[in-house]
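Participant: Can you read through this structure? Questions will come right after.
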Amino acid sequence: MKKIGLFGGTFDPVHNGHIHIARAFADELALELVVFLPAGDPYHKDSTQTSARHRFAMTELVMAADARFAVSDCDMVREGATYTFDTVQIFRQQFPGAQLWWLLGMDSLLQLHTWKKWQTLVQQVNIAVAARQGESLNRAPRELHGWIGEALQNGSLRLLNAPMYDVSSTAIRNTLAAGGSADEWLDRRVARYIGQQQLYRK
Ligand code: ATP
């Protein structure tokens, strides 16, 4: 059976933490493919987020880091707010019979109960979680307790063993805005792109 990983994010910018967990995800679950899904431009106007065009271009640059990586613009081309639930329906149609895994950092997992149709979603897609600084399953909200217990037991929720990579896009944006270098957290192709396009500088 084909095993496909789906990895949604803002990727503003994509960083070594993303690459690191995507690779661990592919290794631990023996995935053929990990599809990065950069989010579209926010539909509300007051966002300071980098345009989807740049975030997608940076994500494309890290595809060279691993032969199993792929990128899709499917969350960028849909109108209005995009929901993981709808993205998963697209992949279920495109790859009928495949085993789908959604990759998340622990911070995102702890918000899962706020996602559209989350209870149906977790029946349709398996979930893999990477540890993240300061976050643990013990902090899960009450709404998620029943599902977590059951899903850990039946194997549809997996915690990745990958060691934690302590970096965030926010820290990178702040460092660059203050005139510092974020090269140690970035793929060199992405670092070069940020420099050329003069992104994140104040
Ligand atoms: P920001 O700081 O802007 O919120 P971010 O670094 O969390 O960004 P996102 O694009 O929001 O990056 O993350 C996409 C997904 O990757 C989310 O599920 C997030 O939890 C996860 N993730 C990002 N960085 C890490 C990391 N260092 N370790 C584990 N998971 C991570």
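Values in this text are rule-based calculations from the coordinates and carry no lab data. On a predicted model such as this, the values are computed, not experimentally measured, just so you know. No Cβ is skipped: glycine too gets one built from the backbone with ideal geometry, and neighbour counts run over all protein chains shown.
Participant: What is the number of the single condition among (1) buried (at least 21 other Cβ atoms within 10 Å of the Cβ); (2) within 17 Å of residue 104 (Cβ to Cβ) that residue 62 does not meet?
Facilitator: Only one criterion is unmet by residue 62, namely (2).
Participant: Follow-up question, since we're still on this one. For residue 92, work out the one condition from (1) away from the ligand (no atom under 16 Å from the Cβ); (2) within 16 Å of the chain's Cα centre (by Cα) it doesn't fulfil.
Facilitator: (2)
Participant: Can you find a residue in the stretch 24-42 that is more than 12 Å from the chain's Cα centre (by Cα) and within 10 Å of the ligand (Cβ to nearest atom)?
Facilitator: Yes: the stretch 24-42 contains one or more residues that are more than 12 Å from the chain's Cα centre (by Cα) and within 10 Å of the ligand (Cβ to nearest atom).
Participant: Quick check on the stretch 138-147. Is at least one of its residues away from the ligand (no atom under 14 Å from the Cβ) and at positive phi?
Facilitator: no
Participant: If residue 85 satisfies all but one of (1) in a loop (DSSP other than H, G, I, E, B); (2) surrounded by fewer than 16 Cβ atoms within 10 Å (Cβ to Cβ), what's the number of the condition it fails?
Facilitator: Status for residue 85: all satisfied but (1).
Participant: Identify the residue in the stretch 102-119 that is more than 14 Å from the ligand (Cβ to nearest atom) and outside any helix (DSSP H, G or I) and, among all such residues, is surrounded by the fewest Cβ atoms within 10 Å (Cβ to Cβ).
Facilitator: Ranking the qualifying residues of the stretch 102-119, first place goes to 116.
Participant: Restricting to the stretch 65-100, name every residue that is touching a residue at least 40 places away in the same chain (Cβ under 8 Å) and either in contact with a Pro (Cβ under 7 Å, 6 or more places away or on another chain) or more than 10 Å from residue 33 (Cβ to Cβ) (or both).
Facilitator: Selection gives 65, 66, 75, 82, 84, 87, 88, 91, 97, 99, 100.
Participant: Does residue 179 satisfy being farther than 21 Å from residue 103 by Cβ, in contact (Cβ under 8 Å) with a residue 12 or more places away in the chain and exposed (fewer than 11 other Cβ atoms within 10 Å of the Cβ)?
Facilitator: Yes: the conditions hold for residue 179.
Participant: May I pose another question? Looking only at residues in the stretch 142-176 that are among the acidic types (Asp, Glu) and in a helix (DSSP H, G or I), which one is farthest from residue 102 (Cα to Cα)?
Facilitator: 143
Participant: Next up: Take the conditions of a type in the set (D, E, K, R), more than 14 Å from the ligand (Cβ to nearest atom) and exposed (fewer than 12 other Cβ atoms within 10 Å of the Cβ) and apply them to residue 79. Does it pass?
Facilitator: In short, yes.
Participant: Shifting gears a bit: Determine, yes or no, whether residue 130 is surrounded by fewer than 17 Cβ atoms within 10 Å (Cβ to Cβ) and within 16 Å of the ligand (Cβ to nearest atom).
Facilitator: no
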